[in-house]
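The values are calculated or read from the model by the stated rules, or taken from the named source; none is laboratory data. For clarity, every value in this text was computed on a predicted model and none was experimentally measured. With ideal geometry, Cβ positions are generated from the backbone for all residues, glycine too; neighbour counts draw on all protein chains shown. SASA here: full protein model, heavy atoms, side chains in, ligands and nucleic acids out. Shrake-Rupley method; radii C 1.70, N 1.55, O 1.52, S 1.80 Å.
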Amino acid sequence: MYRYSNGQISLSDFNQPAGMNLKESNRWVKKAQTIPWLDIEKRYAKRFTNRKGNVAKPLRLALGACIIQAEYGFSDEETALQIQENPYFQYFCGNPGYDDSKQPFDPSLMVYFRKRLTPEVLGEINEMILKTATTSENNDDHNTPTGGGNSGTLIVDATCAPSDIRFPQDVSLLNEARENAEQIIDTLQEQSAEEKPRTYRNKAHKDSLKYMRSRKHNVKKTREAIRKQLQYLRRDLSIVDSMLQSGLKLSQKQQLRLETLRKIYEQQKYMYDNHTHSVPDRIVSVSQPFIRPIVRGKAGKPVEFGAKLDISVSNGWARLEYWSFDAYNEATKLVETIERYRAREGHYPERVLADKIYRNRENLSYCKLHGIRLSGPALGRPRRDEQRDRRQTHFDQNERIEVERQFSFAKRKCNLGKVKTKLAETVGFTLAMSIVVLNLRKIQHTLSRLFGRILHFLLPQQKLVFVQ
């Protein structure tokens with residue numbers, strides 16, 4: 001159940017205790033004024049179809065808390081405490097006045113906030129924020145089509161948002177799977193009156209520690225350690241099967257974990273028997289089985305473990321175009337990105353700045369059909385009569401750095417460098433929220449720079465007088 005709030009409040013309506021004087025120039029006050037809270041609340045209220053039950057928290061409180069958390073990387077508990085202690089945070093979250101007597105919400109509600117604000121909803125919120133920001137500015141001629149032609153520049157690129165997991169090794173992964181299987185056995189044993197089965201857990205733990213504490217891990221030692229852990233895990237899984245056949249039950253969460261353990265055993269057994277290190281849909285984390293290895297081929301990080309995402313940059317504004325845990329080919333998403341640009345702007349872009357991987361035959365034919373210049377490194381050797389404009393190519397590559405700058409800033413300041421959420425649906429929330437926060441920071445920077453220029457022209461110029 002959801003009830004609409006009283007609307008966006010101004011700073012003058014915010015109840016402040018005696019002696020407290022909040023300033024209009026504060027960044028969180030300015031940021032609150034750039035977000036169309038009422039339009040977003042109408043979209044958010046449609047997700048609550050049931051008219052009964054507890055009343056949900058207002059949209060401004062939920063979205064405001066998520067933005068604050070993404071800005072500073074707070075935990076759920078720390079986010080609730082910071083909002084309780086900071087009056088500017090309380091104004092940003094829509095409180096009618098400053099009140100530090102209790103927390104604004106229970107920290108566990110942050111999980112529900114992240115589930116309700118899906119990447120699709122955050123994408124629409126991002127468009128509302130950008131629409132509000134762009135309507136206050138004068139559109140330049142470079143983004144306005146003349147005579148029905150193409151106009152504007154679209155920059156696209158892909159990156160990986162690594163998750164906060166331990167670097168996966170076969171022995172440690174099998175040891176963790178074995179420990180989870182033993183926990184399932186202990187849970188089932190609580191329901192049974194028979195004697196507890198023998199699992200050799202102490203011996204398995206000693207074998208695992210012996211391998212991890214050894215200084216040199218050669219091929220022979222590694223295969224021996226994997227073989228032992230596979231045997232222990234196979235024995236534990238067979239014990240679980242026999243206990244389940246006797247009529248014992250597991251919870252839904254434990255059943256999903258058991259399926260993950262079976263899949264890990266099958267993959268590791270296949271790689272051990274076939275002397276290989278690759279398998280389709282390889283699981284690298286027991287707690288997050290949806291994470292896949294993403295081969296990047298970059299120095300220092302040849303493989304990353306997390307979600308892969310595509311973003312586009314147009315007129316300086318970033319948008320999340322697509323994301324997935326699988327290592328997909330980003331060139332296959334270029335046509336969809338261009339079509340979304342056309343639906344949004346009403347025309348095709350004049351040029352698309354992309355990496356070399358995007359310049360395949362299908363994308364080149366599509367761009368040539370619609371009069372789009374797909375800029376980037378040329379494929380193959382030039383023809384004898386072909387004239388390549390190296391100066392224009394160099395100029396386009398310099399402009400394409402804008403998307404790399406957006407990636408760098410998002411990973412350093414907007415929690416895209418290490419995703420700490422544990423569920424598949426909340427990982428998508430983190431990716432989409434980082435793009436929203438990225439655009440909000442750009443709006444704030446633009447307003448601050450504009451305000452500084454206005455003060456420069458309004459204030460009288462002071463002349464320096466040197467006294468001898």
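By the compact-protein rule of thumb, 2.2 N^0.38 Å, the alpha-carbon radius of gyration of the range 299-355 corresponds to a ratio of 1.30. The amide H of N315, built 1.01 Å from its N in the peptide plane, has T153 as neighbours under 5 Å, considering only residues 5 or more places off or on other chains.
What the Cα convex hull of the range 24-177 gives, in volume per residue, is 219 Å³. Peptides 244-250, 362-368, ordered by how many other C-beta atoms sit within 10 Å of their residues on average, highest first, read 362-368, 244-250. Expressed as a whole percent, the proportion of Cα-Cα pairs in the range 193-337 lying more than 27 Å apart is 43%.
The listed residues E266, E402 rank as E266, E402 when sorted by accessible area, largest first, using a 1.4 Å probe. Just so you know, the Cα atoms of the range 299-439 work out to an Rg and Dmax of 16.6, 56 Å. A viscosity of 1.306 mPa s and a temperature of 10 °C, combined with the Kirkwood radius over C-alpha pairs in the Stokes-Einstein formula, give the range 4-90 a diffusion coefficient of 109 µm²/s. Along its three principal directions, the equivalent ellipsoid of the range 234-292 from the Cα gyration tensor extends over semi-axes of 24, 15, 6 Å, largest first. Got a number for carbon plus sulfur as a percent of the range 51-143's accessible area, 1.4 Å probe? For the range 51-143, the apolar C and S fraction of the accessible surface comes to 47 percent.
In the chain, Cα pairs under 8 Å separated by at least six residues give a relative contact order of 20 percent.
Solvent-accessible surface (1.4 Å probe) assigned to H277 amounts to roughly 150 Å². Residues whose amide H lies under 5 Å from that of I294, counting only those 5 or more places away or on a different chain, are E304, F305, G306; hydrogens are built 1.01 Å from N in the peptide plane.
Size descriptors for the range 283-325: radius of gyration and Dmax over Cα atoms are 13.4, 42 Å.
Computed from backbone phi, the HN-Hα couplings of the range 352-362 come to 10, 9, 8, 7, 5, 5, 6, 8, 8, 5, 5 Hz, rounded to whole numbers (Karplus: 6.51 cos²θ - 1.76 cosθ + 1.60, θ = phi - 60°; Gly and Pro given as x). For the range 54-133, the convex hull spanned by the alpha carbon atoms encloses 112 Å³ per residue.
Rounded to the nearest 0.05, the FRET efficiency derived from the C-beta distance between Y270 and K301 at R0 = 35 Å is 0.85. Once the Cα-Cα distance is subtracted from the 0.36 nm per residue extended length, the N218 to Y200 segment shows a gain of 3.9 nm. Short to long, the 5 Å bins of the Cα pair-distance histogram for the range 145-239 hold 2, 11, 17, 15, 11, 9, 7, 5, 3, 3, 3, 3, 4, 4, 2, 1, 0 percent of all pairs. Secondary structure note: in the chain, about 70% of the DSSP beta bridges are antiparallel.
Can I get the semi-axes of the chain's equivalent ellipsoid? Compute them from the C-alpha gyration tensor as square roots of 5 times the eigenvalues, in angstrom, largest first.
47, 35, 22
Ligands, DNA and RNA are left out, and with a 1.4 angstrom probe the accessible area of the chain is 58 Å² per residue.
Taking all protein chains together and rolling a 1.4 Å probe, S25 ends up with roughly 80 Å² accessible. Restricting the calculation to Cα atoms, the range 82-125 yields a radius of gyration followed by a Dmax of 12.6, 36 Å.
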